[in-house]
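**Student:** Can you keep this structure in mind? I'll have questions shortly.
The values are calculated or read from the model by the stated rules, or taken from the named source; none is laboratory data. Model, not experiment: these values are computed from the prediction. Note that each Cβ is placed from the backbone with ideal geometry, even for glycine, and that neighbours are counted across all protein chains shown. Please note that ligands, DNA and RNA were not included when accessible areas were found on the heavy atoms of the full protein model with its side chains. Shrake-Rupley method; radii C 1.70, N 1.55, O 1.52, S 1.80 Å.
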Amino acid sequence: MKPKKSTLVLLFTLYVLKVLYFNFATDIPINKMLYGLVTISVFTLIFVWTYKKPKLTFLLTGLITLIMYGDILYYRYFMDYLSIKLLNQVTFVGSVMEVVVSIIRPFDFILFIDIALLFLLRKNLVDFKLFKKRKAFVAAMLIFPTVILSISFSQVYTGIKEYEFFNYHVYDLISADFENSRLTSEDRKDIITSIVKQQVESVDAQHFGIGKDMNLMVIQLESFQNDFIGAFYRGQEILPNLNALIKDQAFYFDHYYQQLGKGNTSDAEFASLNSLYPILTGNTYNVYESNAFMGLPWIMRENGYQATSYHGYVASFWNRENIYPHEGFETSYFERDYIMGDKIVFGLDDYDFFMQSLDKMKGRSGKQFDFLVSLSSHKPYSLQAEKQFLDVPKEEVCFFTDHLQSIHYVDHVLGQTIEKLKEEGLYEKTVLVIYGDHFGIGVENKKAFEAMEDFLGRPYKNEDLLNIPLIIRVPGLGESQTISTSGGQIDLLPTLLNIMGVENEYVTFGQDLLNAKEGLVLSQTFMGPGSFITDTVVYEASKDQVFENGIAYDRDTHEPVRIEPYRRIFEKAFRHLELSKRVTEADAVHDLLLEYKEYRYGVIEKE
């Protein structure tokens, strides 16, 4: 194919189409679309620079396009772009290929049309004369993106790096080596003061020690959100066993929210066990596998418990085999330690997982802390037909109803697990904690999203999406209680310390939800940094993190509210997140605890 000037106009048009598709696929606001001119100019510049070397043109354009497509796929699932700091998660892609395939869209080919044209032109570009004054054109094309890139690193306006492809990735690459890992004296003072305050409050806290010396079993459920608690589908109770558990001497937290970083399920574990916020610069379990943490497993061991973890998938996934000992687990069971029966998605069937895990618990003496991570309700919800117990009309079968089938099956397994605990005399000796790791129905599947709105009978907001169940059953509690204080996964540790009768003298960024005067949940993903949920309002920060560009609405009614009264919380959110980040980056948990003991008691205990 011999190139003509009209062919090159077509190529430029395809660059425009590519960038527009990328912007719409990643929800770039209309008023930020002009930043796409930078992307278009860079693609054009690459062509002008390299068209005499067609293979290089094809290679560079193709590579950048693949990164763009990676951004789109990642955004559909996580509502964020890829980062250089996520390279350590590349090995996980093969394990979740079914999920990746499920979020590919038919019109994604638009992103690659210009690549096809370049391929057709590859043999004829060498002899083509593009511009009489090629150097002047190249200089002009260089100036525009250079100026814009410079602006993105200035104090004039930093929002562009959140809305333009090249700005984002250049900034991400350059900033990767500039993480602040130092705790200032002010940081340390704030944390020590906080520990003193929470220790004093924990002594006289309501419900303190109601589970003291009982076993503690914590179950993390895959892709479970709160919207389906107490709900029915075509007259069929979706989660009958969890609903029954809520009524059986339990605290049920109906405004409890996920608080993930870039590590998804592993971040749910990290936040819940350690009361620290997951980082946004990669997967916390990989980046900080050697840190000395002091979370729930270590604390329970300090109080005479054995700490054991269970998961029906490979030990290396999310780096669990390396991080679990640092989190305090003495023994960890993985897929290799189970008799493999049916697999659901890519892990051991939850029925086999729970039944065999309970068998592993037999014959032990002393107080036990067991942490179990389920898997069968993982996307894309490909449950075997014989395990689909809900009656769903053929015409209604879709991603949404597949999710209902999956969580209904897991609920069925939980019912059998509870029965086995009763048979073995453990049910009345165990504080049983069940929570969801993250949402099940996201924005990546439009049909499922719409089905969710039909199911709810109203718009499906981020507050719904992030809302996960938390149920804590305590033998002897008496009448069950519903707690509507807004809480998140970093609040689980302080809440359990109270129930288990352990004074909170630890570095915890959450609060005890049974005694909190006011709830506050800070979000980093899906609702970006600066976003928060109180007991009355949800504030969603904009990508550029300018307070005035955010939106706010009532937590319960979802009606819009004025944002101005919440500026102080917005500013506090960044300080709180940054402080937690510095603690993790500096591996400072144990140092801070030593400082606290010296400040509080005038002595330093040797490790």
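**Student:** Condition first: in contact with a helix residue (DSSP H, G or I) (Cβ under 9 Å, 6 or more places away or on another chain), among the hydrophobic types (A, V, I, L, M, F, W, C) and open to solvent by 20 Å² or more (accessible area, probe 1.4 Å). Now tell me which residues in segment 542-557 satisfy that.
**Tutor:** 546
**Student:** For the condition open to solvent by 20 Å² or more (accessible area, probe 1.4 Å) and either touching a Leu at 6+ places or on another chain (Cβ under 9 Å) or in contact (Cβ under 8 Å) with a residue 12 or more places away in the chain (or both), what is the one hit in 216, 242, 183?
**Tutor:** Checking each option against the conditions leaves just 183.
One line per residue, one yes/no per condition, for (1) at pLDDT 95 or above; (2) within 29 Å of residue 288 (Cβ to Cβ):
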{"position": "308", "(1), (2)": "yes, yes"}
{"position": "316", "(1), (2)": "no, yes"}
{"position": "319", "(1), (2)": "no, yes"}
{"position": "329", "(1), (2)": "yes, yes"}
{"position": "354", "(1), (2)": "yes, no"}
{"position": "388", "(1), (2)": "yes, no"}
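**Student:** Please go through segment 315-352 and pick out each residue that is open to solvent by less than 10 Å² (accessible area, probe 1.4 Å) and assigned to a helix (DSSP H, G or I).
**Tutor:** Residues satisfying the conditions are 320, 323, 324, 327, 350.
**Student:** Specify the residue that is most open to solvent (accessible area, probe 1.4 Å); the eligible residues are those in segment 398-430 that are small (Gly, Ala, Ser) and more than 14 Å from residue 219 (Cβ to Cβ).
**Tutor:** By that ranking, first place goes to 425.
**Student:** Is it the case, given these coordinates, that residue 179 is under 17 Å from residue 578 (Cβ atoms) and at pLDDT 85 or above?
**Tutor:** No, not satisfied.
**Student:** Could you say whether any residue in segment 28-39 is assigned to a helix (DSSP H, G or I) and touching a Gly at 6+ places or on another chain (Cβ under 8 Å)?
**Tutor:** Checked against the condition, which is being assigned to a helix (DSSP H, G or I) and touching a Gly at 6+ places or on another chain (Cβ under 8 Å), segment 28-39 yields at least one hit.
**Student:** Which of the residues belonging to segment 558-586 are touching a helix residue (DSSP H, G or I) at 6+ places or on another chain (Cβ under 6 Å) and exposed (fewer than 14 other Cβ atoms within 10 Å of the Cβ)?
**Tutor:** Correct list: 567 only.
**Student:** I would also like to ask the following. Step by step: first the residues of segment 451-469, then only those that are in contact (Cβ under 8 Å) with a residue 60 or more places away in the chain and touching a helix residue (DSSP H, G or I) at 6+ places or on another chain (Cβ under 7 Å), then the one that is surrounded by the fewest Cβ atoms within 10 Å (Cβ to Cβ). Which residue is that?
**Tutor:** Step by step, filter segment 451-469, then rank; the result is 459.
**Student:** Output the number of residues of segment 359-374 satisfying the condition of being within 29 Å of the chain's Cα centre (by Cα) and either polar (S, T, N, Q) or modelled with pLDDT under 95 (or both).
**Tutor:** 2
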